Amino acid sequence: MSLLEKVISAVTSSPSKDEAIDAVDLLKKDHDDVEALFKDYEMLAEGDGDAGDRRALSTRICGMLAVHAMIEEEIFYPAARRAGVDPDLLDEADIEHGSAKQLIAEIGAAQASDSHYDARVKVLGEYIRHHVKDEEGELFPACRKSEMDMAELGGRLQRRKTQLLAKLNGG
């Protein structure tokens, strides 16, 4: 099994149906998983990695980010709004998602051999690192202080994530 296949397998595995997962823990794990993929991409790009390998890895990164953004936007952010979490934090997160989605679309439309391909992936990584810092440093702690049911939300997030990953993987 190649490094890329191992990474994809690790990232797409999910907890068993009996295993409860905290919503914030699930989202943080996504952050950690995609950060690891960005680091793998940087190693490929710096080593003049094969365009096909870079394309496959960037496609995986973009797919993961799209799924992550969808579960946050569909489930987590609305629950945080209902719980009275600072709307400014949630609005900022929405705007950051918009910027990331634009870059994801550009990466998806480009070829790995294009002159700005690696730069787009690098900038996407920088956007995501900033977004993660904001979420983990401000938004998630505010959510923890609220009345949000993290176990119930975690189950909903995991179910939706599983559905979206199945679609993404052709299932």
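For region 43-61, how many residues meet the condition of being surrounded by 15 or more Cβ atoms within 10 Å (Cβ to Cβ) and among the charged types (D, E, K, R)?
Counting residues in region 43-61 that are surrounded by 15 or more Cβ atoms within 10 Å (Cβ to Cβ) and among the charged types (D, E, K, R) gives 4.
Answer with yes or no whether residue 110 is surrounded by fewer than 20 Cβ atoms within 10 Å (Cβ to Cβ), closer than 24 Å to residue 43 by Cβ and of a type in the set (A, V, I, L, M, F, W, C).
Values: surrounded by fewer than 20 Cβ atoms within 10 Å (Cβ to Cβ): yes; closer than 24 Å to residue 43 by Cβ: yes; of a type in the set (A, V, I, L, M, F, W, C): yes.
In short, yes.
Condition check ((1) farther than 20 Å from residue 25 by Cβ; (2) of a type outside the set (Val, Ile, Thr); (3) loosely packed, with under 12 Cβ neighbours inside 10 Å; (4) within 19 Å of the chain's Cα centre (by Cα)) across all residues:
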site	(1), (2), (3), (4)
88	yes, yes, yes, no
100	yes, yes, no, yes
106	yes, yes, no, yes
122	yes, yes, no, yes
132	no, no, no, yes
135	no, yes, no, yes
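Which members of region 66-86 meet the condition of being under 12 Å from residue 157 (Cα atoms) and under 15 Å from the mean Cα position of the chain (by Cα)?
Matches in region 66-86: 67, 68, 69, 70, 71, 72, 73, 74, 75, 76, 77.
Residue pairs, Cβ under 7 Å, 6 or more apart or interchain, first in region 158-171 and within 15 Å of residue 73 (Cα to Cα), second in a helix (DSSP H, G or I). List them.
Filtered contacts from region 158-171: 158/26; 160/71; 160/74; 160/75; 161/67; 161/71; 164/67; 164/70.
Among the listed residues 84, 63, 52, identify the single one that is touching a residue at least 60 places away in the same chain (Cβ under 8 Å) and within 14 Å of residue 118 (Cα to Cα).
Values: 84 fails: within 14 Å of residue 118 (Cα to Cα); 63 fails: within 14 Å of residue 118 (Cα to Cα).
Selected residue: 52, the only one of 84, 63, 52 that is touching a residue at least 60 places away in the same chain (Cβ under 8 Å) and within 14 Å of residue 118 (Cα to Cα).
Computed from the coordinates by the stated procedures, all read-outs in this text should not be read as laboratory data. Since we're looking at a predicted model, the values are computed, not measured. No Cβ is skipped: glycine too gets one built from the backbone with ideal geometry, and neighbour counts run over all protein chains shown.
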